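One structure is given here, and the rest of the page talks about it.
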Amino acid sequence: DAGITQSPRHKVTETGTPVTLRCHQTENHRYMYWYRQDPGHGLRLIHYSYGVKDTDKGEVSDGYSVSRSKTEDFLLTLESATSSQTSVYFCAISVSSGGPEQFFGPGTRLTVL
Amino acid sequence: GENVEQHPSTLSVQEGDSAVIKCTYSDSASNYFPWYKQELGKRPQLIIDIRSNVGEKKDQRIAVTLNKTAKHFSLHITETQPEDSAVYFCAGPNTDKLIFGTGTRLQVFP
């Protein structure tokens, strides 16, 4: 499983509250990604990182921010959660520097009430 | 922007039959095309991929074909088994950012 963990695995929160999801990897991979998965939409890229403090937006970045202060951790923050952000969130890494093969973490199921 | 379309959205086959899932893409510069399998409640897992300099790649019962002229690529599963039942996603187009198709739910009936 490429040494990827996500925390928490499940979270229920209320509209308007801040939420931070954590992705942790043990193998020093440079590229890390955050996706959300919703029925009928597949996997959509939120943000990605190509190094410490180096991040860029994906196709659905509005309402989300990210930070990467250490190689091993990539944090996704919902500043003020909305019901439309109820989803399953997957973190992924590329196993070679900029290489295409992406491997996914176990996912976080987030429910915003 | 880049778009990846996947068809069909659902596919039911009898055990032992073949299954084919097709994806089309819009950017002619696309160079990398992976396929992922996701079982219920689990993470997507890479099962096979192909690069733009290759027309076909096989791994046991699964194969991927690429038609660069028509800008489509397909996943072929032969001799399907019940454990092949899952959602399959194609993706493209390049090495640092992937765009995923919307998925195909494959059901293999015994």
Practice prompt. Of all residues in the range B:44-80, count the ones that are out of contact with any Gly (no Cβ under 8 Å at 6 or more places or on another chain), outside any strand (DSSP E or B) and not charged (D, E, K, R).
Written response: 9
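Just a yes or no: is a residue in the range B:87-97 part of a strand (DSSP E or B), away from chain A (no Cβ under 11 Å) and aliphatic (A, V, I, L, M)?
Here is the first cut: in the range B:87-97, the ones part of a strand (DSSP E or B) are B:87-93.
Adding the requirement that they be away from chain A (no Cβ under 11 Å) leaves none.
No: the range B:87-97 contains no residue that is part of a strand (DSSP E or B), away from chain A (no Cβ under 11 Å) and aliphatic (A, V, I, L, M).
Is there a residue being facing chain B (nearest Cβ under 10 Å), surrounded by 15 or more Cβ atoms within 10 Å (Cβ to Cβ), in a strand (DSSP E or B) and touching a strand residue (DSSP E or B) at 6+ places or on another chain (Cβ under 8 Å) anywhere in the range A:14-21? Outline the logic, then answer.
Step one: list which residues in the range A:14-21 are facing chain B (nearest Cβ under 10 Å), which gives none.
No, the range A:14-21 contains no residue that is facing chain B (nearest Cβ under 10 Å), surrounded by 15 or more Cβ atoms within 10 Å (Cβ to Cβ), in a strand (DSSP E or B) and touching a strand residue (DSSP E or B) at 6+ places or on another chain (Cβ under 8 Å).
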Worksheet item: Considering the range B:1-38 alone, what residues qualify as being charged (D, E, K, R), within 12 Å of another protein chain (Cβ to nearest Cβ) and farther than 17 Å from B:Lys71 by Cβ?
Response: B:Lys37
Worksheet item: Is there any pair linking a residue in the range A:57-79 that is within 14 Å of chain B (Cβ to nearest Cβ) to one that is among the charged types (D, E, K, R) and surrounded by 14 or more Cβ atoms within 10 Å (Cβ to Cβ), with Cβ under 8 Å and at least six apart or on different chains, and which?
Response: A:Gly58/A:Arg44; A:Gly58/B:Lys97; A:Glu59/A:Arg44; A:Val60/A:Arg36; A:Val60/A:Arg44
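Let me confirm something: among B:Ile21, B:Ile48, B:Ile77, which residue is closer than 16 Å to B:Thr104 by Cα, under 15 Å from the mean Cα position of the chain (by Cα), surrounded by 13 or more Cβ atoms within 10 Å (Cβ to Cβ) and free of Cβ contacts under 8 Å to residues at least 40 places away in the same chain?
Numbers: B:Ile21 fails: free of Cβ contacts under 8 Å to residues at least 40 places away in the same chain; B:Ile77 fails: free of Cβ contacts under 8 Å to residues at least 40 places away in the same chain.
Going through B:Ile21, B:Ile48, B:Ile77 in turn, the sole match is B:Ile48.
Looking at the range B:60-72, which of the residues that are at pLDDT 95 or above and under 14 Å from the mean Cα position of the chain (by Cα) is farthest from the other protein chains (Cβ to nearest Cβ)?
The initial filter retains those residues of the range B:60-72 that are at pLDDT 95 or above, namely B:60-65.
Those left that are additionally under 14 Å from the mean Cα position of the chain (by Cα): B:61-65.
Details: B:Arg61: 21, B:Ile62: 16, B:Ala63: 18, B:Val64: 14, B:Thr65: 18 Å.
Per the stated criteria, the residue is B:Arg61.
The values are calculated or read from the model by the stated rules, or taken from the named source; none is laboratory data. Worth saying up front: this structure is predicted, and the values here are computed from it rather than measured. For neighbour counting, all protein chains shown are included, and Cβ atoms are generated from backbone atoms with ideal geometry for every residue, glycine included.
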